[in-house]
Amino acid sequence: MTTTRDRDRLVQELIEVGRDAAARGLVLASAGNLSVRVADDRFLVSGSGVWFDKLTAADFVELSLDDDETGAPSASGVKPSSEWKLHHRAYRARPDVECVLHLHPRTAVVLASLGHDIRRLTLDHAYYLGPIGVTPFFHNGTDELADTAAEQLRQHDCVVMQHHGCSVVADTVEMAYRRALNLEDAAQATALALQLGDTATVFPEDGASHA
């Protein structure tokens, strides 16, 4: 039995995430993309070139999770984000996921690109993030980028793509965005720890797991 979702509410939640993410500097202009599952086998993804702080319901394109999905423009002519495959592969890899956020958090991307682990240092980091996946650089819109990120998402809810951005997933839009916010906060805390000369401190339970 196919389960449908309240698409109007979900789109509004993504619009609000877009505005807040832009205001916080988690994206610049039209970088990044947002999606939400609207049926077991279909999802909405933000369109190509749309600005996060100016999103409307008309800026989203519905695509299927079929093998032969091509990412064609909607009937109204809206072209899906060039990163639609990133979302397509994520939903296929994670049937439990209802939302995928692809953002460009600066500190998280810089740390991952320089080869530094993003450490969980607070209780919130530990609770919301779990282990953080990292993938090497692949050009945007490519199968390699989408497939490597999806493979990491099988075991992680947060994946940072070196020199690019992150993909964060969850069973609700709200939880996905909480994870995105905590990912960048953990990265900023890690950068501060490195500036203070600390290269080892992690959340106590993380440390115990590596003892």
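The values are calculated or read from the model by the stated rules, or taken from the named source; none is laboratory data. Since this is a predicted model, take the numbers as computed values, not measurements. Cβ: placed from backbone, ideal geometry, glycine included. Neighbour counts: every protein chain shown. Ligands, DNA and RNA are stripped out before the accessible areas are found, and what is left, the full protein with its side chains, is counted by its heavy atoms. Shrake-Rupley method; radii C 1.70, N 1.55, O 1.52, S 1.80 Å.
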Only residues that are open to solvent by 50 Å² or more (accessible area, probe 1.4 Å), in contact with a helix residue (DSSP H, G or I) (Cβ under 9 Å, 6 or more places away or on another chain) and not polar (S, T, N, Q): list them for segment 49-64, please. Trp51, Asp53, Lys54, Ala57, Glu62
Restricting attention to segment 159-210, which residues are more than 11 Å from the chain's Cα centre (by Cα), outside any helix (DSSP H, G or I) and crowded, with 16+ Cβ neighbours inside 10 Å? Gln162, His164, Val202, Phe203
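Consider Ala22 carefully, then state whether it is part of a helix (DSSP H, G or I) and without any contact (Cβ under 8 Å) to a residue 40 or more places away in the chain. Let's see the steps before the verdict.
On the way: part of a helix (DSSP H, G or I): yes; without any contact (Cβ under 8 Å) to a residue 40 or more places away in the chain: yes.
Considered against the rule, which asks whether it is part of a helix (DSSP H, G or I) and without any contact (Cβ under 8 Å) to a residue 40 or more places away in the chain, Ala22 comes out as yes.
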Quick one: what pairs do we get from segment 150-162, first residue within 16 Å of Glu83 (Cβ to Cβ) and in contact (Cβ under 8 Å) with a residue 24 or more places away in the chain, second open to solvent by less than 10 Å² (accessible area, probe 1.4 Å) and among the β-branched types (Val, Ile, Thr), C-beta under 7 Å, 6+ apart or different chains? Leu153/Val159; Leu153/Val169; Val159/Thr135; Met161/Thr135; Gln162/Thr135
For residues that are hydrophobic (A, V, I, L, M, F, W, C) and in contact with a Leu (Cβ under 6 Å, 6 or more places away or on another chain), scanning just segment 22-42, find the one that is surrounded by the fewest Cβ atoms within 10 Å (Cβ to Cβ). Val38
If Asp96 meets every condition in (1) open to solvent by 60 Å² or more (accessible area, probe 1.4 Å); (2) in contact with a helix residue (DSSP H, G or I) (Cβ under 6 Å, 6 or more places away or on another chain) apart from one, which number is that one? (2)
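Do we have Val45 as touching a His at 6+ places or on another chain (Cβ under 6 Å), at pLDDT 95 or above and part of a strand (DSSP E or B) here?
On the way: touching a His at 6+ places or on another chain (Cβ under 6 Å): yes; at pLDDT 95 or above: yes; part of a strand (DSSP E or B): yes.
Yes: the conditions hold for Val45.
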Search result, residues across segment 59-108 that are of a type in the set (Asp, Glu) and within 16 Å of the chain's Cα centre (by Cα): Glu83, Asp96, Glu98
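So which of Asp117, Asp143 is within 18 Å of Met161 (Cα to Cα) and open to solvent by 70 Å² or more (accessible area, probe 1.4 Å)? Full working, then the answer.
Details: Asp143 fails: open to solvent by 70 Å² or more (accessible area, probe 1.4 Å).
That would be Asp117, the only listed residue that is within 18 Å of Met161 (Cα to Cα) and open to solvent by 70 Å² or more (accessible area, probe 1.4 Å).
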Please tell me if Thr107 is within 18 Å of Leu181 (Cβ to Cβ), open to solvent by less than 80 Å² (accessible area, probe 1.4 Å) and of a type in the set (Ser, Thr, Tyr). yes
Any hit, segment 1-10, residues being open to solvent by less than 70 Å² (accessible area, probe 1.4 Å) and under 17 Å from the mean Cα position of the chain (by Cα): yes
Suppose we filter segment 73-84 for residues that are open to solvent by 50 Å² or more (accessible area, probe 1.4 Å) and under 25 Å from Val27 (Cα atoms); how many remain? 4
